[in-house]
1. May I ask you to list the GluC sites (Glu not before Pro) in the chain that are in a DSSP loop and have at most 15 other Cβ atoms within 10 Å of their Cβ?
2. Taking the solvent-accessible surface of protein heavy atoms with a 1.4 Å probe, what is the per residue accessible area of the chain in Å²?
3. Hey, what do the phi angles of the range 50-63 turn into as Karplus ³J(HN,Hα) couplings, whole Hz, using 6.51/-1.76/1.60 and θ = phi - 60°, x for Gly and Pro?
4. Sequence gap at least 6, Cα distance under 8 Å: using those rules, report the relative contact order of the chain to the nearest whole percent.
5. Let me spell out the model: positive unit charges on the Cβ of Lys and Arg, negative unit charges on the Cβ of Asp and Glu, origin at the Cα centre of the chain. What dipole size does that give, in debye rounded to 20?
6. So how far apart, in nm, are the two label points at GLU71 and LEU13 if each is 7 Å from Cα heading toward Cβ?
7. Hey, of [x] 49, 35, 16; [y] 44, 26, 17; [z] 66, 33, 22, which did the structure itself give for Cα extents along the principal axes in Å when calculated?
8. Find which of LEU67, VAL4, SER14 sits farthest along the positive direction of the dipole of the chain, computed with +1 on the beta-carbon of Lys and Arg, -1 on that of Asp and Glu, about the Cα centre.
Amino acid sequence: METVTIHKAKTELSRLIERVCRGEEIVIARGKKPVVRLVAVEDATGQRKPGALRGKLKVGPEFFEPLPPEELEAWER
């Protein structure tokens, strides 16, 4: 894990980001004191599971009733 100063991080940000995306971790320091760690964001897209909410959601009969005129008008604008 390499430590770089804030000044170096500002001037070489693109290169540092490339290194981090390849798996490295970089610490950014103010003077000699480490203040932040630059790490890649993990892929936030998870696997979808069909039927994962089965039995957990309920739809009441009021869902199928017509909307009041003022609410229907708001949707149609």
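1. Working: sites: GLU2, GLU12, GLU18, GLU24, GLU25, GLU42, GLU62, GLU70, GLU71, GLU73, GLU76; in loops: GLU12, GLU24, GLU25, GLU42.
Answer in residue order: GLU12, GLU24, GLU25, GLU42.
2. Numbers: 7480 Å² over 77 residues.
Dividing the accessible area of the chain by its residue count gives 97 Å².
3. x, x, 5, 9, 4, x, 9, 10, 10, 10, x, x, 5, 4
4. 23 percent
5. Working: 15 positive and 13 negative charges, 181 e Å.
The dipole of the chain has a size of about 860 debye.
6. 4.6 nm
7. Entry [z].
8. VAL4
The values are calculated or read from the model by the stated rules, or taken from the named source; none is laboratory data. Quantities reported herein were computed from a predicted structural model and do not represent experimental measurements. Methodologically, a virtual Cβ is constructed for each residue, glycine included, from the backbone with ideal geometry; neighbour enumeration extends over all protein chains shown. Surface accessibility is based on the protein's heavy atoms, side chains included, excluding ligands, DNA and RNA. Shrake-Rupley method; radii C 1.70, N 1.55, O 1.52, S 1.80 Å.
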